[in-house]
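Okay, structure first, notes after.
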Amino acid sequence: MTDQNLMEKIVSLAKRRGFVFPGSEIYGGLAGTFDYGPMGVVLKENIERLWLQMFRDDRDDMYGVDAAILMNPKMWESSGHIAGFSDPLVECEKCKKRFRADHLDDTKSCPECGGKLGEERQFNMMFKTHAGAMEDDSAAVYLRPETAGGIFANYKNVIDSIHPKLPFGIAQIGKAFRNEIAPRDFIFRLRELSQMEVEYFVHPREWEQAFKEWQEMMHLFAIAIGLPSDSIHELEIADTDRAHYSKRTIDFEFDYPFGRKELWGLAYRTDFDLSAHQKGSNTSLEYLDEETKEKFIPHVIEPSLGVDRTVLAILASAYREDELGGEGRTYLALAPKIAPVKAMVSPLLKNKPELVAKAREVRAELKKVHPAIAWDDNGNIGKRYRRQDEIGTPFCITIDFYTLGDPTTSSGQGTLKDTVTLRHRDTGEQERLTVAEAAARIRAAIE
Ligand code: GAP
């Protein structure tokens, strides 16, 4: 399978099975926007929940905020985004198409029509709109280009309300917006994206230790969501390529079907942001160490994870095709922890009320382990398995006549009563288990 082919298959499966749809599709779409469908939304929530657990809730030094997307524009003046959050743009003098100069091999001629490309200029990527009824520049506001802004703006509020001791961090998940010149590669480069970000505030002399700890945490998270370790690569970003606020950045790159590209970033933002906001807002953002009485502006380590790029990395690494029982099939080898459906329960035949009743009972029992236990009685059992394989459901549980203890269908005269078949997604192997044993299998897999 070529990489291009694989990407097409992932996009097709994502749509067919309700993971990701093109944004506003009935109107022909809108470049750089995608919508998450019934399966995608749960996959995304499972990723976010695991991130919240590992990056915030399991720690005593982390706090959450959920800040507004629209912020006072002075915020972005101080942060340097109005002056410097831009990409190099070139325009074709003939067809007028615009391109990101750093994505072109030849910056002299148009890749579409061969026309002459104009001078390179910087294009600011922030989306600008107006707050209130005035539509002039006095009412200009921006959709935040990174969730980090809302964290820096609330650093003082968190200190004043919670009184955390340094080091501590603030975590936030939310939308960010970038007017990308060339959105592309499905949900890799979007104009509307979601980020999971931490700003971790430390004493300046402790930044290296904190950087190392978050670097390790990002690898642990990659393992937790099921990304193979050998598909993640660290790239130390050179001085000349780092964002204006960073003194050290490591990109966590992933082997996507279209090449090795940035998945997440880890940056040492020094005291750049807090110092700039202290100056811009005329508000002290110094931290007072109550024990030593030292007053200083904390430095910041920022692990920044794009949700959409994470979803794409998961789909790409989980996509499988094989032969099972003489038939080709496609399945997603998702880690059970993040799979949208943990198990599917099914009566062998849907027109046998006693099978259906028993299957409902089994499903209710398994739902005590996890609520995401699906029901499917549509079509034959093979088709039901194929559907679940494509959404990455780790287990399928079938209730048949043996479960009812029917002596006419069981040579063991009812010895299999109250047992079910549990089918494993990746191998297709089936086991005969009691309901309690099936519950234990699911519990063990998702824990
Ligand atoms: N607060 C730091 C920051 O925003 P960034 O490297 O520009 O740094 C962080 O973005 C992460 O956000 C990236 O590593 C990536 O996962 C995600 N991201 C950035 N731009 C994106 C885009 N246009 N579409 C999808 N995800 C994007």
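Computed from the coordinates by the stated procedures, all read-outs in this text should not be read as laboratory data. Since the model is a prediction, treat every value here as computed from it, not as a measurement. Heads up, the Cβs are rebuilt from the backbone with ideal geometry, glycines too, and the neighbour counts pull from every protein chain shown.
Tell me, what is a quarter of the convex hull surface for the C-alpha atoms of the range 1-145, in nm² with one decimal?
Values: hull surface 57.1 nm².
Mean shadow area of the hull around the Cα atoms is 14.3 nm².
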Next item on the list: Have a look at Leu50, Leu288, Leu193 and tell me which one the Gaussian network model of the chain (Cα, springs below 10 Å) gives the largest fluctuation.
Entry: Leu288
Margin query: I need the peptides 310-316, 438-444 ranked by packing, meaning the mean over residues of other C-beta atoms within 10 angstrom, with the highest value on top.
Written below: 310-316, 438-444
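Counting Lys +1, Arg +1, Asp -1, Glu -1, what net charge surrounds Arg16 among other residues with beta carbon under 11 Å of its beta carbon?
On the way: positive: Lys9, Lys15, Arg17, Arg387; negative: Glu390.
Neighbour charge sum, excluding Arg16 itself: +3.
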Notebook entry, point to check: Percent antiparallel among DSSP beta bridges with both residues in the range 341-446, to the nearest 5?
Noted result: 55 percent
Check: In the range 341-446, with Lys and Arg counted as +1 and Asp and Glu as -1 at Cβ, which of these residues, Ala438, Tyr402, Ala372, has the Cα nearest the positive end of the dipole, that is, farthest along it?
Finding: Ala372
Notebook entry, point to check: So for the chain: antiparallel DSSP bridges make up what percent, rounded to the nearest 5?
Noted result: 85 percent
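What is the dipole size for the chain, taken about its Cα centre, with +1 at each Lys and Arg Cβ and -1 at each Asp and Glu Cβ, in debye to the nearest 20?
Working: 59 positive and 72 negative charges, 309 e Å.
Dipole of the chain, to the nearest 20 debye: 1480 debye.
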Next item on the list: Go through 127-138, 382-393, 62-73, 77-88 and give me the packing order, highest mean Cβ count within 10 Å leading.
Entry: 382-393, 77-88, 62-73, 127-138
Item checked: C-alpha center-to-center spacing [the range 371-404, the range 266-341] in angstrom -> 35 Å
Next item on the list: Sort the following peptides by mean Cβ neighbour count (other Cβ atoms within 10 Å, averaged over residues), highest first: 143-152, 172-181.
Entry: 143-152, 172-181
Checklist line | Helix axis angle, 148-162 relative to the chain longest principal axis, alpha carbon, degrees | finding: 90 degrees
Next item on the list: Of all alpha-carbon pairs in the range 145-248, indicate the percentage at a distance above 17 angstrom.
Entry: 69 percent
Check: Of the residues Ala238, Ala343, Ala335, which exhibits the maximal mean-square fluctuation in a Gaussian network model of the chain defined by a 10 Å Cα contact cut-off?
Finding: Ala238
Next item on the list: Would you give the gap between the C-alpha center of the range 170-187 and the C-alpha center of the range 196-221, rounded to a whole Å?
Entry: 22 Å
Item checked: Computed log₁₀ I(q)/I(0) - Debye formula, equal Cα scatterers, no solvent, the chain, q 0.10 Å⁻¹ -> -0.84
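Two decimals is fine: what's Rg over Rh for the range 341-446, C-alpha atoms, Kirkwood radius as Rh?
Values: Rg = 12.8 Å, Rh = 13.6 Å.
That ratio is 0.94, to two decimals.
Can you tell me the dipole magnitude for the range 341-446 around its Cα centre, using point charges on the Cβ only (Lys, Arg +1; Asp, Glu -1), in Debye to the nearest 20? Write down the numbers at each step before the final one.
On the way: 18 positive and 14 negative charges, 57 e Å.
The calculation lands at about 280 debye.
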Checklist line | Rg to Rh quotient for the range 253-366, alpha carbon positions, Kirkwood Rh | finding: 1.30
